[in-house]
Amino acid sequence: MTSETIISIFLGVGLAASVGFRVFLPLFVLSAASYFGMWDLNEHWEWIGSLSALITLGVATIIEIFAYFIPYVDNLLDSVALPLAALAGTAVMVATMADLDPVITWSLAIIAGGGTATAIKGASATGRLASTATTAGFGNPIVSFIETTTSLLVAVVAVIAPAIAIFLVIMILILIFSIYRKLRPRRIHKS
């Protein structure tokens, strides 16, 4: 594997993690990075860097961000966004992969891209449900702000410094895993 291939994998995983918080925001960031010549995309995915894709993804991003600030609508969006996150996480991974056999590209994209996006989206949706249950939805805009900010930060870092993005993704996954371990019910062993 070349260093360009490794960097493209880091970029893909960083963007896939970002997709776990917002589906369209990382796609918009990738589109902008391609449109302005910061990143070359896989030849079959160059359309993401077109002006029409940039505008369409920009509008979708704005709508998605604002919709997540509406309590209860955000929960509805999460139910639709979970499968979309898996698809978008896979797509950003494939779009950014360079110099790999298609079997390896798609395997990595499905496992690393789709898997990372799905894990983060699932945890995010669970956190929002907990916020809705404990605050009657009043805490949800705060959760939405944190998620949007995290998505933007990880997406931008993935484009600018993919190796740092991998570190951020690992930290996010460790945080999610530690929260999950604290919240899951403990088994009581009977003697």
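Accessible area per residue, 1.4 Å probe, Å², for the chain: what's the number?
54
Of the heavy-atom accessible surface of segment 47-191 (probe 1.4 angstrom), what whole percent is carbon and sulfur?
Carbon and sulfur: 79 percent of the exposed surface of segment 47-191.
Just to confirm a number: summing +1 for Lys and Arg and -1 for Asp and Glu over residues other than Ala81 whose beta-carbon lies under 13 angstrom from that of Ala81, what do you get?
-1
Give the separation of the Cα centroids, segment 12-35 to segment 153-176, in Å.
Cα centres, segment 12-35 to segment 153-176: 12 Å.
In segment 1-43, what percent of the accessible surface is made up of carbon and sulfur (1.4 Å probe, ligands and nucleic acids excluded)?
63
Given Pro83, Leu152, Thr134, which one lies farthest toward the positive end of the charge dipole of segment 9-162, if we put +1 on the Cβ of every Lys and Arg and -1 on the Cβ of every Asp and Glu?
Thr134
Can you check how the C-alpha radius of gyration of segment 30-92 compares to 2.2 N^0.38 Å, as a plain ratio?
Compared with the compact-globule rule of thumb, segment 30-92 sits at 1.29.
Build a GNM of the chain with springs between Cα atoms under 10 Å: which of Leu168, Leu51, Leu27 gets the top mean-square fluctuation?
So, out of Leu168, Leu51, Leu27, the one fluctuating most is Leu51.
Not counting the cut sites, what is the longest span of the chain without trypsin sites (Lys or Arg not before Pro) that DSSP labels loop and that have at most 16 other Cβ atoms within 10 Å?
The longest uninterrupted stretch comes out as 1-185.
Under a plain spin-label model, where a point goes 7 Å from the Cα along Cα-to-Cβ, how far apart in nm are Leu173 and Phe69?
Computed distance between label sites Leu173 and Phe69 equals 3.3 nm.
Give the residues of segment 22-39 whose amide nitrogen is closer than 14 Å to a point set 7 Å from the Cα of Leu87 in the direction of its Cβ.
The answer is 23-24, whose backbone nitrogens lie closer than 14 Å to the label point.
Enumerate by residue number the chymotrypsin sites (Phe, Trp or Tyr not before Pro) in segment 41-110 meeting two conditions: DSSP loop (anything except H, G, I, E, B), and at most 16 other Cβ atoms within 10 Å of the site's Cβ.
Hits after loop and neighbour filter: Phe69, Tyr72.
Please list 3J(HN,Hα) in residue order for segment 128-141, calculated via the Karplus relation 6.51 cos²θ - 1.76 cosθ + 1.60 where θ = phi - 60°; whole Hz, with x for glycine and proline.
Running phi through 6.51 cos²θ - 1.76 cosθ + 1.60 with θ = phi - 60° gives 5, 4, 5, 5, 5, 5, 8, 10, 6, x, 5, x, 4, x Hz.
Measuring from the lowest to the highest alpha carbon on each principal axis, how far does segment 35-191 reach, largest first, in angstroms?
58, 42, 25
The values are calculated or read from the model by the stated rules, or taken from the named source; none is laboratory data. Predicted, not measured: the structure shown is a model, and the values here were computed from it. Please note: Cβ atoms are built from the backbone with ideal geometry, for glycine as well, and neighbour counts cover all protein chains shown. Surface accessibility is based on the protein's heavy atoms, side chains included, excluding ligands, DNA and RNA. Shrake-Rupley method; radii C 1.70, N 1.55, O 1.52, S 1.80 Å.
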